[in-house]
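Q: Sharing a structure, written as structure tokens. Questions coming.
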Amino acid sequence: MRSAQISRKTNETDIALTLCLEGTGKAVIDTGIGFLNHMLTLFACHSGFDLQLSCKGDIEVDFHHSAEDIGICLGKALDTALGDRAGITRYGSVFLPMDEALVLAAVDICGRATLGYALEIPSQKIGDFDTELIKEFFTALTRELKAAVHLRQFCGENSHHIAEAAFKAFARAMAIAVKIDPAKKDQIPSSKGTII
């Protein structure tokens, strides 16, 4: 079972996270941020990963520290759970429609952190959540996962639909990328012989 437990405590956040890649999409999420709870629940559901997460953050200031630190912890958990990457498919990509929105997520678990972010979310907030924090979350996650992640919006007008399509597409792309190829289960998917 590829799994990880991550804890992170700073003056701004206190996070406990458990992740299992061979799961059923079960999510127990309490970030203190309703919209982020919703997005992370969708991530678990559509990746098939089991995710337990609690975060006590300084949300009386704003949601920035919590969103970024949760991205850090989820990226570290994915990195840890993947180990030496032996047998993984490595690449995954999904076009995902959400009503009028259409978003592409493409992932290469390559050992090099790169975020290509091309979402044009029209509103500054979804509920009380600052939409600029979506990029902060994915930047932190990508850095810790050490992967190339591209999120590209092809159409969309509703901010919630665009964000939801991005999280779902990323989840499904990750599910493909981390899947074990039975014919190559002991091989590192790189001509260099290493990814990490």
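A short reminder: the numbers here are calculations on the coordinates, not readings from a lab. All values reported here derive from a predicted model rather than from experimental measurement. Don't worry about glycine lacking a Cβ; one is built from the backbone with ideal geometry, like all the others, and counts go over all protein chains shown.
Q: When a footprinting reagent is the concern and you count Cβ atoms within 10 Å, what order do ILE195, ILE88 take, fewest first?
A: ILE195, ILE88
Q: A further question on this structure: Just to confirm the number: angle between the C-alpha axis of helix 64-82 and the first principal axis of the chain, 0 to 90 degrees, nearest 10?
A: 10 degrees
Q: Whole-Hz ³J(HN,Hα) for each residue in the stretch 87-99, computed from phi via Karplus 6.51 cos²θ - 1.76 cosθ + 1.60 with θ = phi - 60°, x for glycine and proline: what do you get?
A: x, 6, 5, 6, 9, x, 8, 8, 8, 10, x, 9, 6
Q: What span do the alpha-carbon atoms of the stretch 70-184 cover on each of the three principal axes, reported in whole Å from largest to smallest?
A: 44, 25, 18
Q: Select from ALA105, ALA113, ALA77 the residue whose mean-square fluctuation is largest in a Gaussian network model of the chain (Cα-Cα springs shorter than 10 Å).
A: The residue that fluctuates most here is ALA113.
Q: Charges only on Cβ, +1 for Lys and Arg, -1 for Asp and Glu: so what's the dipole of the stretch 84-138 about the Cα centre, in debye to the nearest 20?
A: For the stretch 84-138, the charge dipole is close to 360 debye.
Q: Give me the Kirkwood hydrodynamic radius of the stretch 48-122, using the inverse of the mean 1/r over all pairs of distinct Cα atoms, in Å to one decimal.
A: This gives a value of 15.4 Å.
Q: Just report the Cα centroid separation between the stretch 166-196 and the stretch 21-80, whole Å.
A: 21 Å
Q: Still on this structure, I have one more. Please state, to two decimals, what the Cα-based radius of gyration of the chain comes to when divided by 2.2 N^0.38 Å (N = residues).
A: 0.97
Q: Quick one: GLU22, GLU68, GLU164, fewest Cβ neighbours within 10 Å first, how do they rank?
A: Listed from fewest to most nearby Cβ atoms, that is GLU22, GLU68, GLU164.
Q: Per residue, what volume in Å³ does the convex hull of the Cα atoms of the stretch 1-102 enclose?
A: With only Cα atoms used, the stretch 1-102 gives 111 Å³ per residue.
Q: Okay, next question. When averaged across all projection directions, what area in nm² does the alpha-carbon convex hull of the stretch 2-57 cover?
A: 3.4 nm²
Q: Using the alpha-carbon atoms, what tilt in degrees (0 to 90, nearest 10) does helix 159-178 show relative to the longest principal axis of the chain?
A: Result, in degrees: 20.
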